[in-house]
Amino acid sequence: MTEPTAVLVGAHGRGSNMSALIEAGRNQESLFSIELVVGTKSTSPALELAQRLGVSTAVVPIGEEYGPRLVEALAGVTWVCLAGYMRLLPLEVLRNFPNRVLNIHPSLLPNYGGKGMFGIHVHEAVIAAGEKESGCTVHVVNEHYDEGSIVLQSRCPVLDDDSPESLAARVLILEHQTYKKALEKQIRGGRT
Ligand code: GRF
């Protein structure tokens, strides 16, 4: 059985992890299929990209009853992947999808995670600390930023002449390879 999965994107998300998941889900062997992409704003580049890729989209604006409205929009899917979604997820969603919401973060958590640690700030902090290694982490989402249990990590070197941008580009390639594997790992785990 293929698990119907939704991707949640942010208002300004590029959607590169989303499109990597869409593509992976179209592989015949895949355990999941991206059936829906949900955003908070119709102008989100990621939502426009999802439409071009032929995936159903929904816009659930932030505001009153955001949690219940989001749960309603997610009816029919069994897994939810955050990709560039920058907010804490409403508790209603976490309750409806226990251990079935994943997020990807561009560092080796628990390092360089938490509030304010997103995008280029993560890579700036990694370089400023003189780290020799970085990478990405897929984790289960809970009510705190970047704190749920870790599903899968991938590592890459930090080079002496790296800028935050060059490191971000290296980590992003890893993200695209890692997210699909992590989702399949969780799906398999839930079936045994
Ligand atoms: C990624 O770096 C991801 O780790 C973080 O937000 C970024 C989203 O990028 N959570 P994209 O929209 O998937 O290209």
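Readers should treat all values here as calculations from the given coordinates under stated rules, not as data from a laboratory. Everything quoted here is computed from the prediction, not taken from an experiment. Cβ: placed from backbone, ideal geometry, glycine included. Neighbour counts: every protein chain shown.
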Mind checking which of Asn27, Tyr179, Met86 is farthest towards the positive end of the chain's charge dipole, using Cβ charges of +1 (Lys, Arg) and -1 (Asp, Glu) about the Cα centre?
-> Asn27
Listing Tyr66, Tyr179, Tyr112 from the residue with the fewest other Cβ atoms within 10 Å to the one with the most, what is the order?
-> Tyr66, Tyr112, Tyr179
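Placing unit charges on C-beta atoms (Lys and Arg positive, Asp and Glu negative, everything else neutral), compute the dipole magnitude of the stretch 45-139 about its Cα centre in debye, rounded to 20.
Values: 7 positive and 8 negative charges, 28 e Å.
With Lys and Arg at +1 and Asp and Glu at -1, about 140 debye.
Tally Lys and Arg at +1 and Asp and Glu at -1 over the other residues with C-beta under 12 Å from the C-beta of Gly135: what net charge comes out? Walk me through the numbers on the way to the answer.
On the way: positive: Lys132, Arg155, Arg170; negative: Glu131, Glu133, Glu175.
Once positives and negatives cancel, what remains is 0.
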At 222 nm, what helix-only mean residue ellipticity would the chain give, in deg cm²/dmol to the nearest 500, using -39500 (n - 2.57) for each DSSP H run of four or more?
-> -11000 deg cm²/dmol
For the stretch 132-192 and the stretch 105-120, distance of Cα centres in Å = 10 Å
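Assign unit charges at the C-beta atoms only (+1 for Lys and Arg, -1 for Asp and Glu), then state the dipole size of the stretch 21-67 relative to its Cα centre in Debye, rounded to the nearest 20. Don't jump to the answer; show the numbers that get you there.
Values: 3 positive and 6 negative charges, 34 e Å.
Result for the stretch 21-67 is approximately 160 debye, rounded to the nearest 20.
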Charge context of Gly25, other residues only, Cβ under 11 angstrom, K/R +1, D/E -1 | -3
DSSP beta bridges in the chain, what fraction antiparallel, as a percent rounded to 5?
-> 40 percent
